[in-house]
Amino acid sequence: MRITKWFYIAIALFGLILFASACSGDESTDEQEDTSSDDTTEETEEASGERTVTDAAGNEVTIPADPQNIIASYLEDYLVALDVTPAAQWSVQNGETVQGYLQDSLGDVPTVPYDLPLESVASFEPDLLLMDSAGMVEGNKYEQYSRIAPTYVVGEAQNNDWRDEFNRVAEVLGKQDEAEQVLEDYEQKVEETKSALKESIGDESIAAVWLTGGTFYVVNDQLSSGDVLYNDLEVTAPNVVKEIANNSEANWSEISLEKLAQLDADHIFLLNGDGEGADMLQDDIWQNIPAVENGNVYEYDSNDSSWLYTGPVANTQMLDDIKESLIE
C-alpha cells in the first residue's frame, strides 16, 4: 500500500513538471509571437512610409507617409512657412473672416469653421488633422476626430511657445530641415532688426493696441506680437501693458478708458478694425496719449495685419512693419 501511494505521488509530480514545462513553452511562444508582431508592424510602417508618433496629449498617432489633405485650424502659419497648403483654412463668421496676412498663400483655399464641426471636417476627406491644443479635443472629441483621420495634438495648453509648436508640426510632416532653416532666418532677422531699432529709438517704449467694436485691447507682453516686441526685440514695455498682462492669460486684453489714459507709450502700433475716422480715435483720452500727441502711431488694418497672430510668417511680417515704421 505504501509503495502504491508513493508511486502515484511520483506520477503526479512528474505530471506537474511536464505541465510547467508546457506553460513555459507557451509563454516563450507568446513572447516570440508578440515580438514578431511588433517587428511586423515596424516593417509594415517602414514599407508604407507611415510613422507612429506620440502627440502632446500622449496619444500614439500613425502619420501617413505623405499627407495631402491636412486640416490644421489656426496652425496654418506653420504650414505656409513649410510650403504646405492645407485642405481648408481657419475662419469665423461663416468664412467671412480669415487670417488676412496669409491670403497671398491661401487665397484659393476653402474655409472651415474655427471650431471644426465634425461634418465640415469630414467633407474635406482629410488624411491628417493637426489640433492646436488639447482643449480642442476635450471629452470624446478626440475619438470622433480620429474616426475621420489620424489626429495629432500639437500643444498641451491654450498658449504654447510658437517655436516648440512649429518644430512639432515640422516633425510630424518630416520637414525638420526646412523648419531649422526657417528659424535660422527668423533669428537672424530679429538680431538685425533689434540692432537697428536700438539705434533708431533707443529705450523708448512701444505698445500694440487693437481697436475693434469700439473697444481697445492691448497685447499681452508674453504672447502674440507682445512676444516679438518685448522678448525677441527686447523693446521697453509700458507699465500699463505689463500690469494688464499680469492679470490676464489672453493674447489681447481689454483696456479700460481709465487705463488707456495712463498708457505712457512713446510709440503705438494700432491695429484698427473699426476703420478710418472711428469715434474712439477722436476721443480726448486717446488724443492725449504721448504717442498720439507726437504723431508716433503706425496704423494697420487688423483684418489684413499679422499682429493679431503668431508664427514664423506672422512674426516676420511684424518685423517688416517695425522696420518700415521705425527704422527706414
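Only one of (1) assigned to a helix (DSSP H, G or I); (2) under 19 Å from residue 200 (Cβ atoms) fails for residue 298. Which number is that?
Every condition holds for residue 298 apart from (1).
Give the residue that is farthest from residue 144 (Cα to Cα), with candidates limited to residues of the range 81-101 that are surrounded by 12 or more Cβ atoms within 10 Å (Cβ to Cβ) and more than 18 Å from the chain's Cα centre (by Cα). Even if it seems obvious, please write down each step before you answer.
To start, the set of residues in the range 81-101 that are surrounded by 12 or more Cβ atoms within 10 Å (Cβ to Cβ) comprises 81-82, 84-92, 95, 97-101.
If we keep only those that are more than 18 Å from the chain's Cα centre (by Cα) too, we end up with 95, 97.
Working: 95: 23, 97: 26 Å.
Only one residue tops the list, namely 97.
Out of all the residues in the range 311-325, is one or more open to solvent by 60 Å² or more (accessible area, probe 1.4 Å), part of a helix (DSSP H, G or I) and in contact with a strand residue (DSSP E or B) (Cβ under 9 Å, 6 or more places away or on another chain)?
Yes: one or more hits.
Counting just the residues of the range 169-201 that are of a type in the set (Gly, Ala, Ser) and open to solvent by less than 30 Å² (accessible area, probe 1.4 Å), which one comes out nearest to residue 55 (Cα to Cα)?
As a first pass, look at the range 169-201 and keep what is of a type in the set (Gly, Ala, Ser): 170, 174, 179, 195-196, 200.
With the extra rule that they be open to solvent by less than 30 Å² (accessible area, probe 1.4 Å), the set shrinks to 170, 179.
Values: 170: 13, 179: 18 Å.
Only one residue fits best here, namely 170.
Of all residues in the range 268-309, which are open to solvent by 70 Å² or more (accessible area, probe 1.4 Å) and either in contact with a helix residue (DSSP H, G or I) (Cβ under 6 Å, 6 or more places away or on another chain) or in contact (Cβ under 8 Å) with a residue 24 or more places away in the chain (or both)? Please lay out each step first, then the result.
Within the range 268-309, the subset open to solvent by 70 Å² or more (accessible area, probe 1.4 Å) is 276, 279, 282, 284, 287-288, 293-294, 299, 301, 303-304.
Hits for the range 268-309 are 279, 288, 294, 299, 301, 303, 304.
Which of the residues spanning the range 50-80 are of a type in the set (Gly, Ala, Ser) and closer than 19 Å to residue 148 by Cβ?
Listed by number, the residues that qualify are 57, 65, 72, 73.
For (1) surrounded by 21 or more Cβ atoms within 10 Å (Cβ to Cβ); (2) in contact (Cβ under 8 Å) with a residue 40 or more places away in the chain; (3) touching an Asp or Glu at 6+ places or on another chain (Cβ under 8 Å), each residue gets a yes or a no:
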| site | (1), (2), (3) |
| --- | --- |
| 110 | no, no, no |
| 122 | no, no, no |
| 127 | no, yes, no |
| 158 | no, yes, yes |
| 203 | no, no, no |
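Residues of the range 106-119 being outside any loop (DSSP other than H, G, I, E, B) and under 14 Å from residue 75 (Cβ atoms), which ones?
106, 112
Counting only residues that are part of a helix (DSSP H, G or I), of a type in the set (D, E, K, R) and touching a residue at least 40 places away in the same chain (Cβ under 8 Å), which one in the range 160-180 is nearest to residue 66 (Cα to Cα)? Before you say what the answer is, go through the steps one by one.
At the first step, the residues of the range 160-180 found to be part of a helix (DSSP H, G or I) are 162-172, 176-180.
So of that shortlist, the ones also of a type in the set (D, E, K, R) come out as 163-165, 168, 171, 177-178, 180.
From what's left, touching a residue at least 40 places away in the same chain (Cβ under 8 Å): 165, 168, 171, 178.
Details: 165: 20, 168: 16, 171: 13, 178: 16 Å.
Among residues in the range 160-180 that are part of a helix (DSSP H, G or I), of a type in the set (D, E, K, R) and touching a residue at least 40 places away in the same chain (Cβ under 8 Å), the one nearest to residue 66 (Cα to Cα) is 171.
In the range 120-141, what residues are within 11 Å of residue 152 (Cβ to Cβ), in contact with a Pro (Cβ under 7 Å, 6 or more places away or on another chain) and not in a strand (DSSP E or B)?
none
Listed here are the residues, each with its yes/no results for (1) surrounded by 11 or more Cβ atoms within 10 Å (Cβ to Cβ); (2) assigned to a helix (DSSP H, G or I); (3) at pLDDT 95 or above.
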site: 4; (1), (2), (3): no, yes, no
site: 15; (1), (2), (3): no, yes, no
site: 28; (1), (2), (3): no, yes, no
site: 39; (1), (2), (3): no, yes, no
site: 61; (1), (2), (3): yes, no, yes
site: 103; (1), (2), (3): yes, yes, yes
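Of 237, 208, 245, 250, which residue is buried (at least 17 other Cβ atoms within 10 Å of the Cβ) and modelled with pLDDT under 95? I'd like the intermediate steps shown before the answer.
Working: 237 fails: modelled with pLDDT under 95; 208 fails: modelled with pLDDT under 95; 250 fails: buried (at least 17 other Cβ atoms within 10 Å of the Cβ).
Result of the check over 237, 208, 245, 250: 245.
Taking only pairs six or more apart or across chains, which ones have beta-carbon atoms under 6 Å, a first residue in the range 49-67 that is without any contact (Cβ under 8 Å) to a residue 40 or more places away in the chain and closer than 20 Å to residue 124 by Cα, and a second residue that is assigned to a loop (DSSP other than H, G, I, E, B) and small (Gly, Ala, Ser)?
65/49
The values are calculated or read from the model by the stated rules, or taken from the named source; none is laboratory data. These numbers come from a predicted model, not from an experiment. Neighbour counts run over all protein chains shown; Cβ positions are idealised from the backbone, glycine included. SASA here: full protein model, heavy atoms, side chains in, ligands and nucleic acids out. Shrake-Rupley method; radii C 1.70, N 1.55, O 1.52, S 1.80 Å.
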